[in-house]
Every structure is written in C-alpha cells, then in structure tokens.
Amino acid sequence: MLIEVKNLPEKDVSCSTCRANCCRLEVMLITDTGVPEHYIELDKWGGMTMARLDDGWCAAVDRETMLCTIYENRPFICREFEMGGYECLDERT
C-alpha cells in the first residue's frame with residue numbers, strides 16, 4: 001500500500017500547532033508510566049485505555065493549547081508516537 005505524505009516544512013510540524021489528530025486514537029496502556037487513575041478506563045475486555053471524552057478526544061488533552069496535560073506521565077505509545085514521524089504525518093493528512 002502506497003501512502004502519499006505531503007511535504008511539510010519541518011518547522012510546521014509541531015504538537016503546539018497541530019489539531020492533535022493523534023489524540024483521537026485509541027490508546028492502550030501496556031506499561032505503567034504513572035498515568036493518573038482518573039484518565040484510565042477499562043475496555044469491555046478488561047484492558048486499560050486512556051479515557052476519552054464523548055467526542056473521541058483524549059481526556060488528557062488541554063483543548064485550549066492542544067498539549068498533553070500529563071506529558072511527563074503519558075502512556076508508552078504516546079512516547080513512541082514521534083512528532084513529525086511517519087504516523088504523525090499520516091494522521092495530519
């Protein structure tokens with residue numbers, strides 16, 4: 001499968017200037033990073049996921065700044081989701 005990625009100047013790829021599409025993806029918690037308990041939900045199989053608001057956004061995103069309010073304790077998958085990386089650019093298109 002070939003996916004076309006638009007060329008974005010590196011300075012334009014920033015979490016603070018993005019509409020945080022990645023923060024609408026389902027996030028499974030597979031390691032303990034210290035995510036505060038009130039941001040954790042159990043799915044129907046008993047797995048831990050990041051809590052999401054009714055509109056699908058991660059509950060830890062500050063909707064004014066579009067930045068993570070628990071950045072230092074964010075889930076492992078969020079740490080691996082590299083700003084400006086392939087997955088990031090794919091979500092922005």
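Read-outs: derived from the displayed coordinates by stated rules, not from any lab. Note that the structure is a prediction, hence the values are computed from the model and not measured. So basically every Cβ, Gly included, is an ideal-geometry build from the backbone, and we count neighbours across all protein chains shown.
Placing a label point 7 Å from the Cα of Arg63 along the Cα-to-Cβ direction, the residues of the stretch 34-57 whose backbone N falls under 15 Å of that point are 52-57. Model label points for Asp90 and Ile40, set 7 angstrom from Cα along the Cα-to-Cβ axis, are 2.8 nm apart.
Annotation note: GluC sites (Glu not before Pro) in the stretch 56-93 located in DSSP loop regions with a Cβ neighbour count of at most 12 within 10 Å are Glu64, Glu82.
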